[in-house]
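Student: Pasting a structure here, questions to come.
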Amino acid sequence: MPELTKEERLQIIVRKGMVHLHEKLLYGQRTVVNKLGILGFSVSTASFSNIINVVNGRPVGLQTLSTAAKGIHLLIERELDMAFNVDQLDYFPKNTPNWVPELVPEHQGAPSSALGIDLHDGRVSTQQKTAFFANAKKEVIEVGVRLNSFSSYFFSQKETAYRQPMIDLLKKGVNVKGYLLDPESQEARIYFEDRARAQATEKDAIEDIKTVIKKLKVVCAEFEAMKLSGKFEIFLYKHIPYNLFFVVDGGEKEGAQMMVSPYLYGVKRADCPVMEITKKENAHLFRKYYESMQLFTNGATKLKY
């Protein structure tokens, strides 16, 4: 195999880094470009896309390639604790003792809008979620459709990524509640039949929910057996879903915050924008969504296991 040129090696560094950031943190190219800018390695969206997508020929200039590669190196080190192996041409875990992820913001300073809203371009990563609920004092609530990602965090992620942060919450006496659509309800049939007209993958959604429920029953039983101070409970609702709610201490005066994501028709839920709202920054908007969440979950039945 011919020796790689400097440009080819730098392109591999960026491409492999993008693969890990997308697979492990669900980052898209725009998110990565924004984070690189915050780190001081500014690359245009078009140039970054060329680095990732151009197969033959020189994607961009050497200086741009070098800037992107340095930025990717630093981003992956801070958020994934991984380093690039020049012999194997890929990133591997550093396994740094007592390592804690350092999340790089997408935007500089305070919330990106004068309304006190921070906007994420699609589903947030596991690390972003655990950081979001880390300081919860009383309650964490997630309202979704299938809770597929929520349940998978307990089985597909390493122990320290999600399960242990959740256990730490419960040890502190924080109650955790998850809400998903009742697969036996008429609302579920109507909702998924309609969604399937635009997305064929929604045809199997009801069976997917039943699989998720089986997984969540296992998690509920495990946490109950641990006899932790906080309760971990799952509920089934019978409504047409409108959006995701992820609420931390919603009823409290201090520290109340939430993430809200609308379920856009024809768009994968993972790609729907996520609004991050705090009661402190926008009490009026926060109250509207919190009241909606309370009405939506009212009457939900607790999952038996």
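The values are calculated or read from the model by the stated rules, or taken from the named source; none is laboratory data. Quantities reported herein were computed from a predicted structural model and do not represent experimental measurements. Cβ sites come from the backbone with ideal geometry, for glycine too, and all protein chains shown count toward neighbours. These area figures cover heavy atoms from the full protein model, side chains too; ligands, DNA and RNA do not enter into them. Shrake-Rupley method; radii C 1.70, N 1.55, O 1.52, S 1.80 Å.
Student: Compare F84, F192 by solvent-accessible area with a 1.4 Å probe and give them largest first, with all protein chains kept in place.
Tutor: F84, F192
Student: To continue, here is another question. Would you grab the residues whose amide H sits under 5 Å from the one on Y91? Only those 5+ places off in sequence or on another chain, please, with H modelled 1.01 Å from N.
Tutor: Result for Y91 returns N85.
Student: Identify which of E142, E106, E281 has the largest mean-square fluctuation in a Gaussian network model of the chain, with springs joining Cα atoms closer than 10 Å.
Tutor: Top of the fluctuation ranking is E281.
Student: Given springs between every Cα pair under 10 Å in a Gaussian network model of the chain, which of T31, T211, T96 has the largest fluctuation?
Tutor: T96
Student: Using a 1.4 angstrom probe on the protein heavy atoms only, line up R9, R146, R195 by accessible area, largest first.
Tutor: R9, R146, R195
Student: If you average the alpha carbon positions of segment 127-153 and of segment 173-241, how far apart do those two centres end up, in angstrom?
Tutor: Segment 127-153 and segment 173-241 have Cα centres separated by 14 Å.
Student: Using the Karplus equation 6.51 cos²θ - 1.76 cosθ + 1.60 (θ = phi - 60°), what ³J(HN,Hα) coupling, rounded to whole Hz, does each residue of segment 250-257 give in order, writing x for Gly and Pro?
Tutor: Once rounded to whole Hz, the list reads x, x, 8, 7, 10, x, 5, 8.
Student: Quick query: amide H of N243 versus all other amide H atoms, modeled in the peptide plane; which residues come in under 5 Å with a sequence gap of 5 or more or a different chain?
Tutor: For N243, the qualifying residues are Y263.
Student: Taking the Cα centre of segment 174-286 as origin and charging only Cβ (+1 Lys, Arg; -1 Asp, Glu), how large is the dipole, in debye to the nearest 20?
Tutor: Around 100 debye, computed over segment 174-286.
Student: Something else: Say a paramagnetic label sat at a point 7 Å from the Cα of K158, along Cα to Cβ; which residues of segment 63-99 have their backbone N under 13 Å from it?
Tutor: What the label zone holds, given the 13 Å backbone N cut-off, is 79-83, 92-99.
Student: Step through the residues of segment 16-21 one at a time and calculate ³J(HN,Hα) from phi using the Karplus curve (6.51 cos²θ - 1.76 cosθ + 1.60, θ = phi - 60°), rounding each to whole Hz and writing x for Gly and Pro.
Tutor: 4, x, 4, 4, 5, 5
Student: Under the Karplus relation 6.51 cos²θ - 1.76 cosθ + 1.60, θ = phi - 60°, what is the ordered set of whole-Hz ³J(HN,Hα) values for segment 180-188, x standing for Gly and Pro?
Tutor: Listing the rounded values in order: 9, 5, 5, x, 8, 7, 5, 4, 5 Hz.
Student: Rounded to the nearest angstrom and ordered from largest down, what semi-axes does the equivalent ellipsoid of segment 8-106 get from its C-alpha gyration tensor (root of 5λ)?
Tutor: 21, 16, 11
Student: Hey, another quick one. In percent, how large is the relative contact order of segment 158-241, given Cα pairs closer than 8 Å and 6 or more residues apart?
Tutor: Over segment 158-241, the number comes to 50 percent.
Student: Given H placed on each backbone N at 1.01 Å, which residues far from N175 in sequence or on other chains put an amide H within less than 5 Å of it?
Tutor: E139, V140, K231
Student: Distance cut-off 28 Å, Cα to Cα: go down the list K35/K94; K177/K288; K279/K304 and report the pairs above it.
Tutor: Beyond 28 Å: K279/K304.
Student: On to the next question. What figure in square angstrom, to the nearest 10, would you give for the accessible area of V267 with a 1.4 Å probe?
Tutor: 50 Å²
Student: If the elastic network links every pair of Cα atoms under 10 Å, which of G37, G251, G61 fluctuates the most in the Gaussian network model of the chain?
Tutor: Looking only at G37, G251, G61, the largest GNM fluctuation is found for G61.
Student: How large is the convex hull of the Cα atoms of segment 135-252 per residue, expressed in Å³ as a whole number?
Tutor: Hull volume normalised by residue count: 106 Å³.
Student: What are the extents of the Cα atoms of segment 1-52 along their three principal axes, listed from largest to smallest and rounded to whole Å?
Tutor: Dimensions of segment 1-52 along the principal axes of its Cα atoms: 35, 23, 18 Å.
Student: In square nanometres and to one decimal, what's the mean projected area of the convex hull around the Cα atoms of the chain?
Tutor: Mean shadow area of the hull around the Cα atoms is 18.1 nm².
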